[in-house]
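Below: one structure, written as C-alpha cells.
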Amino acid sequence: MNIKDSVVVVTGAASGIGRAMARRFAADGAGTVVVADLDGDGAAAVAREIGGRAETLDVTDEDAQLAMINRTEAEWGPIELWCGNAGVASNGGLELDNKAWEFNWQVNVMAHVITGRHMIPRWVERGSGHFLITASAAGLLTNLGTAPYAVTKHGAVALAEWIAITHGDDGVRVSCLCPQGVRTPMTEADGEMAIEVVKAMGMIEPEEVADCVAAGIANDDFLILPHPEVSRYEQRRTGDRQRWLSGMRKLQATLSR
Ligand SMILES: NC(=O)c1ccc[n+]([C@@H]2O[C@H](COP(=O)([O-])OP(=O)(O)OC[C@H]3O[C@@H](n4cnc5c(N)ncnc54)[C@H](O)[C@@H]3O)[C@@H](O)[C@H]2O)c1
C-alpha cells in the first residue's frame, strides 16, 4: 500500500517501536497518524511532535476500540492501515498465575481479534485495507524465560496467517512484524533470562524496525523480519525440531550459568 495521504492507526505508539513507526509514517506523508496508547500523555507528546492525533486507548477494551475507529473514520476518513503494535510480556513460566497469562493473552492476541472484528468487514466492503500485527520472533521460534509471551506471540502469528488466508482475496493485506531484540523500554531490564537472550542475539534500534515496516508495507509483504536471520532460524526449527530443541536447551544452559 501507499502510505501517502492515508489514515493510519498505530497502537502502543507512545513508546519504542510504535513511536518509531508513527514518526516514520508521518515523515512518509500519511494523511493522518492516530497515535493510540494506554499512556495518554505519551501518546499526546508523540502526536504533538509529528502533527498526529492522540488517543488514550486500552486495546483490550472492545467498546473503546470501536469508538476510536468510528471517531477516526468520521473525522479523518477511512482507516487504510491499522498497526496493532501494543504488546506486553510477563517474565516467567508455568508458575505465573492465570491472571498473568490472561493479561498477555488479552493484549497480545485478543486486541487484534477485536480490531479484525471491526475493521475487516469495512476493508472487505471497500476492497482494500492493511492490517499490521506486531508479533515477534518469539512467535516464530520461542522466547526463553517467558512462556506467556512466547505462547501468545505464536497466537498473534497464527491469527495474522488466518486473516491473510481468509481475507486475502477480499483485498485485505496483512503484515506480521517479527523482530528479535529491539532497544525499547520493554528490553531495558537487566538480569532477566527473557531479555538477556534477546540482547545476546543482537539488538537493533526502533528506527531500523520502522524502516523495515515502511518497506514491507510498500511491498505488501506478509512477514516483516527486521532481523533477517530469523528466517534461517525458523527453517532450522521446522526442518529438524528435535535438533532445534536441543540447541535451544544448550543456549538456555549457557545463559543460566
Ligand atoms: N522490544 C523488543 O525487543 C521487541 C521484539 C519483538 C517484538 N516486540 C513487540 O513490539 C511491540 C512494541 O513493543 P516495544 O518494544 O516498542 O515496547 P514499549 O514498552 O516501548 O512499547 C509498548 C507500548 O504499548 C503500550 N501498551 C501496553 N499495553 C497497552 C494496552 N492495553 N493498550 C494500549 N497500549 C498499550 C505501552 O503503554 C507502550 O507505550 C510489542 O508488541 C512487543 O511485544 C518487541
Which one of these is at pLDDT below 95 and under 16 Å from the mean Cα position of the chain (by Cα): Thr134, Thr187? Thr187
I'd like the residue in segment 115-141 that is β-branched (Val, Ile, Thr) and surrounded by fewer than 21 Cβ atoms within 10 Å (Cβ to Cβ) and, out of all such residues, is farthest from the ligand (Cβ to nearest atom). Val124
How many residues does segment 167-183 contain that are in contact (Cβ under 8 Å) with a residue 40 or more places away in the chain, within 11 Å of the ligand (Cβ to nearest atom) and open to solvent by 20 Å² or more (accessible area, probe 1.4 Å)? 1
Which listed residue, of Trp76, Trp101, is over 30 Å from Ser256 (Cβ atoms) and away from the ligand (no atom under 15 Å from the Cβ): Trp76
Go through segment 11-29 and report how many residues are outside any helix (DSSP H, G or I) and within 15 Å of Val182 (Cβ to Cβ). 3
Single match in Ala150, Ala158, Ala164, Ala86 (criterion: closer than 26 Å to Ala214 by Cβ and crowded, with 19+ Cβ neighbours inside 10 Å): Ala86
Would you confirm whether or not segment 19-31 contains a residue that is at pLDDT 95 or above, over 18 Å from Asp211 (Cβ atoms) and within 11 Å of the ligand (Cβ to nearest atom)? no
Test Val59 against the criterion of being part of a loop (DSSP other than H, G, I, E, B), within 11 Å of the ligand (Cβ to nearest atom) and not hydroxyl-bearing (Ser, Thr, Tyr), and give yes or no. yes
Reported set for segment 41-66 where residues are open to solvent by less than 20 Å² (accessible area, probe 1.4 Å) and not hydrophobic (A, V, I, L, M, F, W, C) is Gly42, Glu55, Gln65
Filter result for Val46 (more than 13 Å from the chain's Cα centre (by Cα), part of a strand (DSSP E or B), within 16 Å of the ligand (Cβ to nearest atom) and modelled with pLDDT of 95 or more): no
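The values are calculated or read from the model by the stated rules, or taken from the named source; none is laboratory data. This is a predicted model, so every value here is computed, not measured. Heads up, the Cβs are rebuilt from the backbone with ideal geometry, glycines too, and the neighbour counts pull from every protein chain shown. Note: areas computed on protein heavy atoms with side chains; ligands, DNA, RNA excluded. Shrake-Rupley method; radii C 1.70, N 1.55, O 1.52, S 1.80 Å.
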